[in-house]
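Asks: Quick one: this structure, given as structure tokens, is what I'll be asking you about.
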Ligand SMILES: Cc1cc2nc3c(=O)[nH]c(=O)nc-3n(C[C@H](O)[C@H](O)[C@H](O)COP(=O)(O)OP(=O)(O)OC[C@H]3O[C@@H](n4cnc5c(N)ncnc54)[C@H](O)[C@@H]3O)c2cc1C
Ligand code: SF4
Ligand code: SF4
């Protein structure tokens, strides 16, 4: 893998190639990172030029029992990349390989040293980008983003780094190569991607990643609103998101931060206001214009003094530059500062903001804050002069008070910067003892010698931990925070129905034709089943799987210990991410007790188009392929879901369904596109309707569009397109199937037929559907020893299900 | 040279240094970091080293520290990128400290040394005229101009320019950069005229820069600059011609010297001061600009940066040629239907903060499509004498720059500094043979040509 313009030379004067750098300058420089913390002085620095070399270095460190820390760009803010005395630093700055962008699968494979911003630059010609955009994206590496599970302003709509990883290749503590599976969306199993992402290099070193790319919005509207009062700005965000609008980003900077930014960039922000908000919508032009106008109105009524729209791309970029460089600009405020990264449930954000004012007054400190407001994530920075010990003490006390308050409000100590060494003392405030024990056992399993970034992220064993919060006994909606907590036994359909009454839903499709000829939640009866089996159907407007909307989990280990992981917040990087790692792991490791989901605006309508061949010529896959590909190019929306039934009377039918708005520019435009594609494919439209979204299944049945599906059994196979599998122009449709439901983004196929001899690309069935289907054997690159070890940790006595493949060896 | 520091200075320096929040946002803009992937070779790395020295945790004379400071090109891309406003002068100071501690003049104590006489000659016009120095620049330029791909590239271009390659192909090789430019202009003229061959109506040297060109009560004083004068005198003459056609009264003060930058680069403080003195004498004590005094026009961005760095040094407002040209009303411009990528010389973009002006000038040419390369802020690795001392790094950077420029699909690259011109033309000859490079003012002159 190589890229133009990325050749590297060794440093003249230093030892050549990637051999260890041991000169005084290297050891001084690599002892530091953006955290301003200090740990020790390394013994050697390596900058390997390839994966084999990287593994050789890890192997050698393991042989010599020398601790090793992996370093991306050293922009981490919690000290993750800092070495201790005598450690080896393994820098990834020369691992810049990058595979071709796969526009069909919307993926790209990259090595860890590639800078975040470069990935989007590479994908731009394909109309795609890498959505996670930490403010440090111009300098931070993808390896570091994965190490910290970085977020960014645009993660509000698109999700954080974890939601953009399809699979990882990694090197374990012994220097052995490993993988995480097939990289199929909705792959079931103990999810090593979730475990490694955010593990701060303490479990393994990521050597390459298959990333999910996101289509660019056709049109973007960026608003700047200024608020005389910060309280109003924060409350306005809560109201705005509660109103059903879903901007791609909502950022706030407070007055102190504004002043710093103004000093740096002289953008012309007013500095006599308490807050400025940047808000962005992306999608079809009419959509963004309409949403932006609605938002502007809401903000004005919520106390905004002035709301302006960026006039052009240059102004838009300038706005974002100011926001993204705000952190760096605080260097202009005071010689030293502690920056926090707390996150609270959205509805509690106004409370925390008020409390921060009190804390500020009580400790007599200066605080400047930047908010990823839509996520409930904020970075209050306490500024002080570090030559004055009194000020330093007050600053740190104020910081701890803010963190404690965020936790009282149900939040987390870190939304994106991670624990590192910086937040080790506060991590136990939010972890229960059982969860902490699991952290240590997992660390010991992956790194028995304790050589990978030791002393980071893990809670101190003897600390006094938080009590395990009580799981909910019934479904509990926090409307202002846009979350729903529910016991495992709750009926998912009821939960959805209650949410839809408020225009919200958990964005899980989970609708498949049922044997009775209706459409409905296919197999997932309960919340627990949905979480354990990752059961989902075609995603009618959602972002993907249960994993993408799960925030918090209560579970019981095989030996009956209850623990809690995650938090009811939109992002959380405090400790190992057991929440997502266990999601989809069946009933093999733990038993699910309760879960918290994120709610999103529910689509208003569902467009339905029934098509069949004109003149009785039987439908076939080659004729459908170009049509299905074109339908997928809908701006900023998941591609339509298509039901293909080649056995239907009269030569077969194709039903196209898509969520959206009943407007000329949205479902109207899609209807015209469907019509045009149909004509080209020689199909005629037999039915066409726009119905309320939640009535979709019944409406389909009522129109007699599903007769053929009645015969389908309740067992469905789910097939996925592995990352990078599709050559451009290659036929990717399941040619041998007679009946299938297709979702084109991500490219997934559900079929009630038993897949015995599939076309090459989807040889891997992601899961055999049906309730309580056993957990499938993982792909070969997932090291069995680690899975068996995890089984021992979570179910030491083997009381839970144990698939045969887990017992082998 | 590192001055002896008072306690107050120490404190001030450390306060300044603390404005670096170590965020690392400068790294991807730093050429030496991009070329090596080594954090020591980054602005943040160098600032950390300075902090170590000032904090008494490291010895300034430590060779690896020296090497790190020495390899800084001085391009100042980090200063432009830094959100925290950390001044580049800190790095310069680190350099001074390290070299003072090592007991040798800044810039020349470590790394591959150049013979002292060569260094001295680097800053003389005569040297620049010699084949040895011109070779790097001219050969690169010519290979770039006359490579095989040039034909097909321009054949694609719309309008009469499509005929250009055929015309160029039959011309003999030229020994100097200046002639390369003339040949390219000839080709452009011929193609535009649909003729078999074009001819640059080159303004005569004496009429433009010679003693007889002096004018009374000028509104522009022309600073010649040794590199332009030595390597590309024709370009200067055409610029003068263009200015006069804009109705300017341009005077070329006689007796002017090199701006002093090259002496400064080689650690020759006295030499720099000497050049400054000679220029003060040549430009005289004219009225202050506020009183309607003449602008001092500087053609090469390196000189502009040097002259602007000593405020009040020359009487009059020192302005880059692009700054002056955007303020003038140009003669009617003819269409140049080419895709053009502009390369920002560091001395222009970072040294003088000039980014918009050259682009505005190019966009003002009818039919011209301006394309933006990736990493416009990254140094091309020429860096005056730096490139000669670190040829490996310089080569990597030149290639990277050429790849980024070529990736725009441009028909022509335009820049404003002769050093960059040669460096880029040389690399383009390998990366995108036939993609030519032209000084911005020459392209403007061509668009404004008479007849
Ligand atoms: C100005 C500024 C703004 C920031 N804004 C944001 C923001 O908006 N959102 C956000 O989330 N963060 C932000 N950060 C924090 C930081 O940039 C992110 O955490 C980033 O992901 C770190 O990337 P890096 O390449 O610098 O990693 P490093 O700091 O070098 O490393 C971070 C961690 O990842 C581990 N790691 C690195 N590479 C690998 C690998 N290949 N395999 C395994 N582990 C690895 C390291 O061991 C370390 O624990 C900001 C930082 C700064 C300075
Ligand atoms: S010099 Fe500026 S950009 Fe670079 S690390 Fe320091 S503060 Fe950040
Ligand atoms: S001046 Fe240029 S080479 Fe030197 S540190 Fe700054 S960006 Fe890097």
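Every read-out reported here was derived from the displayed coordinates using simple, explicitly stated rules and does not represent laboratory data. For clarity, every value in this text was computed on a predicted model and none was experimentally measured. All Cβ positions, glycine included, derive from the backbone under ideal geometry; neighbour counts span all protein chains shown.
Asks: List the residues of region A:32-76 whose backbone N lies under 18 Å from a point placed 7 Å from the Cα of residue A:396 along the Cα-to-Cβ direction.
Replies: A:35-40
Asks: Please give the per residue volume of the convex hull enclosing the alpha carbon atoms of region A:313-370, rounded to a whole number of Å³.
Replies: 113 Å³
Asks: Further question: What are the extents of the Cα atoms of region B:7-102 along their three principal axes, in Å, largest first?
Replies: Projected onto the principal axes, the Cα atoms of region B:7-102 cover 33, 27, 19 Å.
Asks: Once fully extended, how much extra length lies between residue A:63 and residue A:266, figured as 0.36 nm per residue of separation less the alpha-carbon to alpha-carbon distance?
Replies: Gain on stretching residue A:63 to residue A:266: 67.7 nm.
Asks: A further question on this structure: For residue B:249 and residue B:317 in the same chain, what is the full-extension length gain: residue separation times 0.36 nm, less their Cα-Cα distance, in nm?
Replies: 22.9 nm
Asks: Taking region A:197-278 on its own, what percent of its Cα-Cα pair distances exceed 21 Å?
Replies: Counting every Cα pair in region A:197-278, those more than 21 Å apart make up 53 percent.
Asks: According to a simple spin-label model (label point 7 Å from Cα along Cα-to-Cβ), what is the distance in nm between residue A:629 and residue A:672?
Replies: Inter-label distance under the simple model: 2.4 nm.
Asks: Working from the alpha-carbon coordinates of region B:338-451, get Rg over Rh, Rh being the Kirkwood radius.
Replies: Dividing the radius of gyration by the Kirkwood radius yields 0.96.
Asks: Run the numbers for residue A:464 and residue A:780: contour at 0.36 nm per residue of separation, minus the present Cα-Cα distance, in nm. Please list the in-between numbers first.
Replies: Working: separation 316, 0.36 × 316 = 113.76 nm, distance 4.04 nm.
Computed gain between residue A:464 and residue A:780 is 109.7 nm.
Asks: Then there is this: Ranked by Cβ crowding within 10 angstrom, fewest neighbours first, how are A:642, A:677 ordered?
Replies: Result, fewest neighbours first: A:677, A:642.
Asks: For region B:344-388, report the % of Cα-Cα distances exceeding 11 Å.
Replies: Tail of the P(r) past 11 Å holds 71 percent of the pairs.
Asks: How high is the FRET efficiency from residue A:494 to residue A:385, r the C-beta distance, R0 45 Å, rounded to 0.05?
Replies: Working from the Cβ atoms, E equals 0.20.
Asks: Continuing with the same structure: Mind giving me the nanometre distance, one decimal, between the label points for residue A:685 and residue B:92, set 7 Å out from Cα along Cα→Cβ?
Replies: According to this spin-label approximation, the distance is 6.9 nm.
Asks: Can you pull the mean other chain C-beta count within 10 Å for peptide A:26-36?
Replies: Counting Cβ atoms of other protein chains within 10 Å of each residue's Cβ and averaging gives 6.
Asks: Which three lengths, in whole Å and largest first, does chain A cover when its Cα atoms are put on their principal axes?
Replies: 85, 66, 56 Å, listed from the longest principal axis down.
Asks: Considering every residue in A:600-606, what mean count of other chain Cβ atoms within 10 Å of its Cβ is obtained?
Replies: Mean inter-chain Cβ contacts per residue within 10 Å come to 0.
Asks: Sticking with this one: Other chains' Cβ within 10 Å of B:79-86 residues: what's the mean?
Replies: 6
Asks: Between residue B:328 and residue B:450, what's the calculated FRET efficiency when r is the beta-carbon distance and R0 is 25 Å? Round to 0.05. Working shown, then result.
Replies: Values: r = 17 Å, r/R0 = 0.68.
After rounding to 0.05, the efficiency reads 0.90.
Asks: Using only Cα atoms, what is the ratio of the radius of gyration of region B:387-451 to 2.2 N^0.38 Å?
Replies: Normalised Rg, Cα atoms only: 1.22.
Asks: By per-residue mean of other Cβ atoms within 10 Å, what is the highest-first order of A:384-393, A:318-327?
Replies: Going from most to least packed, we get A:318-327, A:384-393.
Asks: Further, regarding this structure: Within region B:394-419, list the residues whose amide N lies under 13 Å from a label point set 7 Å along Cα→Cβ of residue B:369.
Replies: Under cut-off, by backbone N: B:408-412.
Asks: Given the -39500 (n - 2.57) contribution per DSSP H run of 4+ residues, what per-residue ellipticity at 222 nm results for chain A, rounded to the nearest 500 deg cm²/dmol? Can you show the working numbers first?
Replies: Working: 23 runs with 219 residues, N = 809.
After summing the helix terms and dividing by residue count, I get -8000 deg cm²/dmol.
Asks: If packing is taken as the average number of other Cβ atoms within 10 Å across a peptide's residues, how do A:155-164, A:98-107 rank, most packed first?
Replies: A:155-164, A:98-107
Asks: Related question: Label points 7 Å out from Cα along the Cβ direction at residue A:663 and residue B:217: separation in nm?
Replies: Using points 7 Å along Cα→Cβ, the separation is 6.5 nm.
Asks: Please compute the volume of the convex hull spanned by the alpha-carbon atoms of region A:166-302 and report it per residue in Å³.
Replies: With only Cα atoms used, region A:166-302 gives 183 Å³ per residue.
Asks: Put one equal scatterer on each alpha carbon of region A:237-368, apply the Debye formula with no solvent term, and list log10 I(q)/I(0) at q = 0.19 1/Å to two decimals.
Replies: Log10 I(q)/I(0), no solvent term: -1.30.
Asks: Also: Order A:276-286, B:396-406, B:334-344 from most to least packed using the mean count of other Cβ atoms within 10 Å.
Replies: B:396-406, A:276-286, B:334-344
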